[in-house]
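Remarks on the structure that follows.
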Amino acid sequence: MPQAPPTTDPRARLTELARPPMRADARRNYEALLDAADEIFSRRGPDAPLDEIARRAGVGNATLYRHFPSRRDLLVAICIGDVEALCALGNRLQRHPGAGEALTKWLRAYIKHVSSKRGLPAAFTTGRREDSEFVSACHAAINATGSALLKKAQDADEIRDDVNIVELIALVNAIAIATESQGLREANRLLGLVIGGIGR
């Protein structure tokens, strides 16, 4: 029986890649690696040794790399819930009466989510040529959600037309990185400066 082609909807494609069908033992290893990575990255930062994560999960290095070919894959994978929550929030904010305010609320939530785990802002900074399909799918889902909110704010003449979502995400990632040790209050202050600069 031919396999169904992958979906083209960014959020659905991310779900397909984040929760691939696996045997029960492979699923246990996958989830153990995510739990171990979440704990160790949170405690030791994004440069923590990957072999320590494998040992904490009770698996070999080969198993870790089979599931997560790069450190960046693992950094992004532990935050799939955050990415999905941001996409869901973006959908809800489409119904917000103020388009500019909706975009600002979403960007503020984006900074909060990516700042909640050390190293994620840097992992999300760019779409790189060497990105795996999984990391690219995370970027696509975030960009699609943000683009819809940005377009609505531009159509309402609240945000300049010469701004695109890739530039805007790059700016908020830079804010998240710059304020990792300072907290959300400073991040929100800098976001206010950005919104003031791109608003009408």
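Each reported figure results from applying straightforward, stated rules to the coordinates on display, with no laboratory input. Note that this is a predicted model, so its numbers are computed, not measured. So basically every Cβ, Gly included, is an ideal-geometry build from the backbone, and we count neighbours across all protein chains shown.
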| task | Give me the angle, in degrees from 0 to 90, between the Cα long axis of helix 24-44 and the longest principal axis of the Cα atoms of the chain, rounded to the nearest 10. | result | 60
| field | Given (1) 36, 24, 13; (2) 27, 21, 14; (3) 32, 21, 13, the label whose value is semi-axes √(5λ) of the Cα gyration tensor in Å derived from this model | value | (3)
| remark: Zone reached by a paramagnetic label modelled 7 Å from Glu186 Cα along Cα→Cβ, restricted to region 18-61 with backbone N below 15 Å, covers none
| Integer Hz, Karplus 6.51/-1.76/1.60 couplings in order for region 161-173, x for Gly and Pro | 6, 8, 9, 10, 5, 4, 5, 5, 5, 4, 5, 6, 5
| message | Can you compute the helix-only [θ] at 222 nm over the chain? Use -39500 (n - 2.57) per DSSP H run of at least 4 residues, normalise by all residues, nearest 500 deg cm²/dmol. | response | -22000 deg cm²/dmol
| Qualifying aspartates and glutamates (Cα of each under 19 Å from Cα of Lys112; at least 8 residues distant if same chain) | Asp38, Glu39, Asp82, Glu84, Glu101, Glu167, Glu180, Glu186
| note | Quotient of Cα radius of gyration and Kirkwood radius for region 10-70, i.e. Rg/Rh, equals 1.00
